[in-house]
Amino acid sequence: MPPSGLAAFLDAPEVGTVTTFAARTDLPTAFLDRLAGHPTADVRAVVAANPAAPEALLRTLAADADPEVRRALAENPAVPLDLLIAVVAHERLPDEPAPRIESAAEAELRTLATSRVAQVRALVADRSRLPGDLLARLAADPDPGVARRIAARPELDPDTLTALVERHGPPVFSALARHPDRPAALLHRMAAEAATGRRVLRDIARHPASRPETLLLCLAAEDPDVRHCAAAHPALPVPVLESMLDGPEGELARAAAENPALPEALMERIVTRALR
């Protein structure tokens, strides 16, 4: 339907219908202006993310009373850089690359990476591709929020990852534990930290690089899901698996029984028990 035929739908009672139209990039400016004043924040947020919205309208929406609308500006690939900086300084954004930062020129990235505002530097850290010197600069950033974003990057070497852990501790553990190529020694160090949270411990207990001594730490955790993940890990020593099969925790015994590293003799013992 051509834009001229959409006027009748701008005030449709179904919000989903209105947001569908608000996302169109071929709408006349007058339509976008009208939608920007819609009483429903969902509609205004779609307008804020629309790359066809004129700059003046985006600046108006940056002052919207609803944070959902203000955050939506960060999703707009055409948002002016100064406006994006103003929004990110006051709003918590998702840990994902902002479209405007993805398309930023290298000179813009270098300016943003030196910003006094940590949230702005974090925007750069989220970018999918970074020059090596900027990556190193952000990896040395003193702010934990920036460090958490940069720690998730797969191209960081073990020495840099270790330095991040030493400098920031638990705030970067979650980002580190999710990557399959993290060093085993670093995983063990995180598992041994008393402040390590349950979610991170679960990631460590599932991590393919976790060593037997790290899995033993996970088996000592209070969280049953952490212990279950550790019991199912193929790097767990056979004597430990055997002790769990004979232990009092039924869920742990079942996880050990499903462990792919379980020797055939122990499998036969489990089958024999089940047939009695």
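The values are calculated or read from the model by the stated rules, or taken from the named source; none is laboratory data. Keep in mind the model is a prediction, meaning the values are calculated, not measured. Neighbour counts are summed over all protein chains in view; Cβ atoms, including those assigned to glycine, are modelled from backbone coordinates with ideal geometry. Calculation scope for accessible area: heavy atoms of the full protein, side chains included, ligands and nucleic acids excluded. Shrake-Rupley method; radii C 1.70, N 1.55, O 1.52, S 1.80 Å.
Within the stretch 15-40, count every residue that is crowded, with 17+ Cβ neighbours inside 10 Å and either out of contact with any Ser or Thr (no Cβ under 7 Å at 6 or more places or on another chain) or over 21 Å from residue 67 (Cβ atoms) (or both).
Summing the residues that are crowded, with 17+ Cβ neighbours inside 10 Å and either out of contact with any Ser or Thr (no Cβ under 7 Å at 6 or more places or on another chain) or over 21 Å from residue 67 (Cβ atoms) (or both) in the stretch 15-40 gives 9.
Only one of 191, 151 is open to solvent by less than 60 Å² (accessible area, probe 1.4 Å) and within 19 Å of residue 94 (Cβ to Cβ). Can you tell me which?
It is 151.
Just checking, which of 110, 59 is open to solvent by 20 Å² or more (accessible area, probe 1.4 Å), at pLDDT 95 or above and either assigned to a loop (DSSP other than H, G, I, E, B) or under 19 Å from residue 150 (Cα atoms) (or both)?
Answer to the selection: 110.
Give just the number: which of (1) farther than 28 Å from residue 40 by Cβ; (2) touching a residue at least 40 places away in the same chain (Cβ under 8 Å); (3) surrounded by fewer than 22 Cβ atoms within 10 Å (Cβ to Cβ) does residue 158 not satisfy?
(2)
Return only the number of the condition from (1) under 30 Å from residue 39 (Cα atoms); (2) open to solvent by less than 30 Å² (accessible area, probe 1.4 Å) that residue 135 does not satisfy.
Against the list (1) under 30 Å from residue 39 (Cα atoms); (2) open to solvent by less than 30 Å² (accessible area, probe 1.4 Å), residue 135 comes up short only on (1).
Of all residues in the stretch 63-106, which are in contact with a helix residue (DSSP H, G or I) (Cβ under 6 Å, 6 or more places away or on another chain), open to solvent by 50 Å² or more (accessible area, probe 1.4 Å) and assigned to a loop (DSSP other than H, G, I, E, B)?
Matches in the stretch 63-106: 77 only.
Every residue in the stretch 138-168 that is of a type in the set (Asp, Glu) and over 17 Å from residue 189 (Cβ atoms), please.
Within the stretch 138-168, 141, 143, 155 meet the criteria.
Is it the case that some residue within the stretch 205-219 is over 23 Å from residue 243 (Cα atoms), of a type in the set (Gly, Ala, Ser) and either assigned to a helix (DSSP H, G or I) or open to solvent by 70 Å² or more (accessible area, probe 1.4 Å) (or both)?
No, because not a single residue in the stretch 205-219 is over 23 Å from residue 243 (Cα atoms), of a type in the set (Gly, Ala, Ser) and either assigned to a helix (DSSP H, G or I) or open to solvent by 70 Å² or more (accessible area, probe 1.4 Å) (or both).
Of the residues that sit in the stretch 169-186 and are under 16 Å from residue 205 (Cβ atoms) and of a type in the set (A, V, I, L, M), which one is surrounded by the fewest Cβ atoms within 10 Å (Cβ to Cβ)?
Filtering the stretch 169-186 for residues that are under 16 Å from residue 205 (Cβ atoms) and of a type in the set (A, V, I, L, M), the one surrounded by the fewest Cβ atoms within 10 Å (Cβ to Cβ) comes out as 184.
Can you find even one residue in the stretch 89-104 that is of a type in the set (Val, Ile, Thr) and over 28 Å from residue 155 (Cβ atoms)?
no
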